[in-house]
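First comes the structure, then the notes that go with it.
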Amino acid sequence: MTLLKKTCSMLTALVLFLLPFWDAGAQSRSVKGLVLDETDAPVAGAFVTVKGETRGVMTDGAGRFEISVKNSDVLIVSFLGYEDEPVTVGTQTDLLIKLVPQANQLEEVVMVAYGAQKKASVIGSITTVDAEVLKAPIGQLSTGLAGKLAGVVAVQHTGEPGSSAEFWIRGVNTFGANSYPLILVDGVERSMDLVDTEDIASFSILKDATATALYGVRGANGIVLITTKRGSESKPKVSVKLESGITSPTQLPRMASAEQFIDYLNTMQPGMIDDYSRSMYLASDEVRSQLVNDAEGALPIRYSDLYPNVDWMSQLFKNVAMNHKVNIAVVGGTKNVRYYAGGSYYFEDGIFNVAQNDRYNAQMNYRRFNFRTNVDINITKSTVLGMDLSTQFTRKNKPGSDISEIYNYALQISPIGFPVVFSDGTLSNPENGRNPYNLINNMGYAVASTQNAQTTVSLTQDFSDFLLEGLTAKLQVSWDAKSNTSYTNIILPRIYFLRYNDEIKDYEYALQGNSGTGYINTSSSGVTGQTILNVEASVNYEHSFFSAHRVSGMFLWYLRERTNINPSSYWYTFPYKSLGIAGRATYSFRDRYFAEFNFGYNGSENFSPGHRFGFFPSGAVGWIVSNEKFWDPIKTSVSLFKIKASIGKVGNDQIGGNRRFGYNTTMDTSGIAGFNWGLTGPVGTSGVTTGDIGNPGIVWEEALKRNAGVEINFWQDHIKLQFDYFNDYRSGIFIERQSLPSAVGMRKTQYTNIGEMQNAGFDLSAQFDYTFPNGLNLSARGNYTFNRNKRVYDDKPSQIWPYQNTAGFANGQQRGLIADGLFMSQEEIDTWPTQTFGAVAPGDIKYRDINGDGQVDAYDVVAIGYTSIPEINYGFGLSVSWKGIDASVFFSGMAHVTRIIGGYNLYGGVASNVKVQGQIFADVAEKSWSHTHTADAEYPRFSTETPANNLRASTYWQKDMSFLRLKNAELGYTFPKKWTKKIGISTARIYLQGVNLITFSAFKLWDPELESTYGNVYPLTRNVSLGLNLNF
């Protein structure tokens, strides 16, 4: 009995001791938490549920949540594309949860219009590229896009320091005023090329109507979305990047040598250069350095002054120039304040061979300073204030003369025309024309600079805790200011040419033209710019019901106002304004079936009252077939199979029309006959007539966009494929009427929305990633884009011969005669249809008689080749890494692109002073037709007269500009952390990288990417840089 009483007493004491703990386990309390992804970025919209129960919450925009739990509860954190993460609550009060990407899902977040979605749920046509892919030692981001993204058509037309590339999304969709995409940086319309690649967090292009309809009248040509980096809840992390390299031309035109040029002159006109002169032109430097007349008092002219032998390309361009880049960034923050700050400096020197000059620097160069801070502050647990500031400063220096003149004369001046500088230092010049050396070195300099300040303030409120779960609102205001300043300080030097004076029986210097004094004067200066106000207010909602239904919605209002600084005329003092609303609704069932509806209702002051607003809807559906139960048996082989389709209408309000408000009629007083009155000293006034005829019914262009696509992943996502077909039909293109007869009596024809155009094609991308058991990682990627457009209607009158209509052909379709080789004999000429373009001789181009009327004339001009914008764009690359060593290569290419070349460098003998300005390409000198070189000649005969027949646009001069280029190559080494940690560095990497290293093309005269008919532009450059990246 005593034992029983003792046992009962002990049990009672034990129960009393455990009772508080039992109550604690059963009692509910509040716990907070933060959900991060694999990059330590907050995850907004993740579901946090209690295991075994239906209750749960969703994380806010900062990835935070608060939920009522018991110590014994287990929380399940889930988010599309990530593994479910179980967390035992226990006695914890503040949870830090890090999600792991699912192996069978596309893990990355994709930026979409006014928001972000997990890639697995995206059913619009959107391409995203890793920001690391865009990093290269280049001055402008646009010049590095070629071949990097499916759907992007990018062409770099010049290699000038600081120059941009021209690019389109899925090619050219309109022949109206604007065919370029809308660029948005952090949601605001801004320049892409002012963004430092080190600041980019994500880069996406929106291609179909579902992705772009929310932008309404601004979205027809596609959208580029750039999101910059933001802070994270972590200790400060500092990154430093240093690069220094050399640049050189990818290809300079190879011009005829002095010997080739002399032979060419003598081929055209035997004896033009006699044997003695030939021997002196080609004599050694020792011989040519001797004085012509060493008599006392004679002008110290040397034979090199009378018989120059100049390689102008080597005199004007140097082999290498330098470029440098420095970048430093810091990211970090606390629970309530997160920040990112970055700054960079970039410098690129030019390849002009500038002489030493103590007065000024005439070298073409470009420098850019960037600074950016993005700060997020938690004012309350549900309110986040964002403050972003970015500034950019650019400065471009160049020679004071017109740049196009330098290029033109560099190719025109012959090697025997005149010396670079006379042997005694006197500045030389031809009697007629220009010396390109003087244009670079002795004509002053010019400076163009830009100053940009971009600010954005946003306020995000999460209403989940006190109004409606999943409901957020955001207000964002941005203010940008940009100014452009330029000035040219020009010099008119005293320049001379040599002539023989019969009176003194010797040579003398003669002053050329209106030579100046040599003083520097500011010939021009100017300031332009603009301020931009952008306001957006949006409401977002996202929620999941019964673990099966996920819905989201977004409604947004925006206002944009752009004002010119120092406008050029009265019309441009008025601000450019646009405003509108936009909305999106999405639904998914068990992450298998998806539907999305978007709309934009936008207005623009470009149009008259009553016609300023338009409604632009779009819809899309998608099905992840691989999430069905019946797919499970093959899921290890085909891990993702998704199909999607979309259709919608988008607009373009940048319609052109050559004036500010196309709906207003203008009055014209210029050149109009008036009248006089008064008997003595009559007073006159000009007449007044209708100028541009207004059209009060003008509206935006409309694009009906259709897209169908499929995404397939194989073998646990090691291989990823994506394919999209697209069809874009553009209507309402604003064009000038072409078919109105002159009998209508209109002085100027009216603009109206009647043009139509179609563009269709496909783009695809492929990616392979695999890590072998020994740690070797192998990655490959590629993309391919094909598009073909067609003018459907352009109001041009029907031609006599239907094949000469522009409708039905590509926009920019090249046209010309069809060449059939060269005439080999007079007999062949006599039996060929009569060519009506001038005298014809053996060695001239022969053309086909297309319409069979017995003569070749303008009616035989047909569509030939393609356009200067490629129909096919592609890129592919390979990267490998192992134990700190990494290497990568990337190729980009273009095809279905042609250009009709021309210029006297190809024809020969057409300059009035051919001996001085008649230079030809070395290829022409070597391969032109002559009586001893006929069958395999690639160029027509030389002639002392202008060969009008050979100057016609034709297939003879149309060249295939397709190419494949080794765009990027990189070799790097990351030092072992056990070494770097000893000196306080978390990671250190050294690397060697190159840009535009090798080009493969059938066209050899100059770089095929240049926009030039005879190579007279600044060449593209290759770059090799050594870099060091340090992280602390």
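The values are calculated or read from the model by the stated rules, or taken from the named source; none is laboratory data. Remember, predicted model here, so these are calculated numbers, not experimental data. Cβ: placed from backbone, ideal geometry, glycine included. Neighbour counts: every protein chain shown.
Only one of Ile504, Ile490, Ile495 is among the β-branched types (Val, Ile, Thr) and over 24 Å from Pro300 (Cα atoms). Can you tell me which?
Ile490 is the lone residue from the list that is among the β-branched types (Val, Ile, Thr) and over 24 Å from Pro300 (Cα atoms).
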**Message:** For the condition within 24 Å of Tyr725 (Cβ to Cβ) and surrounded by fewer than 18 Cβ atoms within 10 Å (Cβ to Cβ), what is the one hit in Lys790, Lys796?
**Reply:** Lys790
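Could you check how many residues of the range 979-998 are over 18 Å from Pro137 (Cα atoms) and not charged (D, E, K, R)?
At the first step, the residues of the range 979-998 found to be over 18 Å from Pro137 (Cα atoms) are 979-988.
Subsequent filtering for residues that are not charged (D, E, K, R) retains 979-980, 983-988.
Going through the range 979-998 one residue at a time, the tally reaches 8.
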**Item:** Among residues of the range 899-934, those that are more than 22 Å from Tyr407 (Cβ to Cβ) and either modelled with pLDDT of 90 or more or not in a loop (DSSP other than H, G, I, E, B) (or both), counted
**Value:** 6
**Request:** Please give the number of the condition Ile693 fails out of (1) crowded, with 16+ Cβ neighbours inside 10 Å; (2) in contact with an Asp or Glu (Cβ under 6 Å, 6 or more places away or on another chain); (3) farther than 30 Å from Tyr215 by Cβ.
**Result:** (2)
**Message:** Quick check on my filter: what residues within the range 976-994 are in contact (Cβ under 8 Å) with a residue 12 or more places away in the chain and in contact with a Ser or Thr (Cβ under 8 Å, 6 or more places away or on another chain)?
**Reply:** Ser986, Thr987, Ala988, Arg989, Leu992, Gln993, Gly994
**Asked** Got at least one residue in the range 935-944 being part of a strand (DSSP E or B), touching a Ser or Thr at 6+ places or on another chain (Cβ under 7 Å) and over 30 Å from Lys148 (Cβ atoms)?
**Response** yes
**Request:** Take the range 467-491 and flag every residue that is under 30 Å from Val31 (Cβ atoms), touching a residue at least 12 places away in the same chain (Cβ under 8 Å) and either among the basic types (Lys, Arg) or not in a strand (DSSP E or B) (or both).
**Result:** Leu468, Glu469, Gly470, Lys474
**Request:** Please give the number of the condition Glu469 fails out of (1) out of contact with any strand residue (DSSP E or B) (no Cβ under 7 Å at 6 or more places or on another chain); (2) surrounded by fewer than 18 Cβ atoms within 10 Å (Cβ to Cβ).
**Result:** (1)
**Candidate set: the range 641-657, residues that are modelled with pLDDT of 95 or more and over 17 Å from Ala113 (Cβ atoms); chosen: the one surrounded by the fewest Cβ atoms within 10 Å (Cβ to Cβ)** = Ile643
**So Tyr409, is it under 20 Å from Asp311 (Cα atoms), hydroxyl-bearing (Ser, Thr, Tyr) and in contact (Cβ under 8 Å) with a residue 24 or more places away in the chain** = yes
**Item:** Residue selected from the range 585-618 under the condition among the charged types (D, E, K, R) and under 17 Å from Ser544 (Cβ atoms), by the criterion surrounded by the fewest Cβ atoms within 10 Å (Cβ to Cβ)
**Value:** Arg590
**Message:** Would you confirm, using the coordinates I've provided, whether Leu252 is of a type in the set (A, V, I, L, M, F, W, C), surrounded by fewer than 20 Cβ atoms within 10 Å (Cβ to Cβ) and more than 40 Å from the chain's Cα centre (by Cα)?
**Reply:** no
**Fill in**
The number of residues in the range 347-392 that are under 30 Å from the mean Cα position of the chain (by Cα) and small (Gly, Ala, Ser) is 4
**Fill in**
Checked against (1) within 20 Å of Asn323 (Cα to Cα); (2) touching an Asp or Glu at 6+ places or on another chain (Cβ under 7 Å); (3) free of Cβ contacts under 8 Å to residues at least 40 places away in the same chain, Thr143 satisfies every condition except (2)
**Asked** Taking the condition assigned to a loop (DSSP other than H, G, I, E, B), touching a residue at least 60 places away in the same chain (Cβ under 8 Å) and in contact with a Lys or Arg (Cβ under 7 Å, 6 or more places away or on another chain), does Ser414 pass?
**Response** yes
**Item:** Hits in the range 499-531 (condition: touching a Ser or Thr at 6+ places or on another chain (Cβ under 8 Å) and of a type outside the set (S, T, N, Q))
**Value:** Tyr509, Gly526, Val527, Gly529
**Asked** Is the range 723-742 home to any residue that is free of Cβ contacts under 8 Å to residues at least 40 places away in the same chain and assigned to a loop (DSSP other than H, G, I, E, B)?
**Response** yes
**Message:** Pairs please, first residue from the range 258-273 and over 17 Å from Ala922 (Cβ atoms), second anywhere and of a type outside the set (A, V, I, L, M) and in a helix (DSSP H, G or I), Cβ atoms under 7 Å, 6+ apart in sequence or on different chains.
**Reply:** Met272/Asn266; Ile273/Asn266
**Output for the range 931-954, where each listed residue is of a type in the set (S, T, N, Q) and in contact with a Phe, Trp or Tyr (Cβ under 9 Å, 6 or more places away or on another chain)** = Ser943, Thr946, Asn949, Asn950, Ser954
**Request:** Give Val310, Val354, Val331 a once-over and let me know the one that is among the aliphatic types (A, V, I, L, M) and assigned to a strand (DSSP E or B).
**Result:** Val331
**Request:** Output yes when any residue across the range 379-395 is polar (S, T, N, Q), touching a strand residue (DSSP E or B) at 6+ places or on another chain (Cβ under 7 Å), closer than 16 Å to Tyr445 by Cα and part of a strand (DSSP E or B), and no when none is.
**Result:** no
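Could you say whether any residue in the range 763-774 is β-branched (Val, Ile, Thr), surrounded by fewer than 17 Cβ atoms within 10 Å (Cβ to Cβ) and either within 16 Å of Glu702 (Cα to Cα) or at pLDDT below 90 (or both)?
To start, the set of residues in the range 763-774 that are β-branched (Val, Ile, Thr) comprises 771.
So of that shortlist, the ones also surrounded by fewer than 17 Cβ atoms within 10 Å (Cβ to Cβ) come out as 771.
Okay, now just the ones that are also either within 16 Å of Glu702 (Cα to Cα) or at pLDDT below 90 (or both), so none.
Among the residues of the range 763-774, not one is β-branched (Val, Ile, Thr), surrounded by fewer than 17 Cβ atoms within 10 Å (Cβ to Cβ) and either within 16 Å of Glu702 (Cα to Cα) or at pLDDT below 90 (or both), which makes the answer no.
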**Request:** Just need a number here: residues in the range 697-707 that are surrounded by fewer than 21 Cβ atoms within 10 Å (Cβ to Cβ) and out of contact with any Lys or Arg (no Cβ under 7 Å at 6 or more places or on another chain).
**Result:** 2
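Considering only residues of the range 114-145 that are of a type in the set (A, V, I, L, M, F, W, C) and at pLDDT below 80, which is farthest from the chain's Cα centre (by Cα)? If you could, list the steps in order and put the result at the bottom.
From the range 114-145, those of a type in the set (A, V, I, L, M, F, W, C) are 116, 120, 122-123, 126, 129, 131, 133-134, 136, 138, 141, 145; that's our starting set.
Filter once more, keeping what is at pLDDT below 80: 116, 120.
Numbers: Ala116: 23, Ala120: 28 Å.
Result: Ala120.
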**Prompt:** Just to be sure, is Asn759 surrounded by 14 or more Cβ atoms within 10 Å (Cβ to Cβ), in contact (Cβ under 8 Å) with a residue 60 or more places away in the chain and under 30 Å from Phe876 (Cα atoms)?
**Reply:** yes
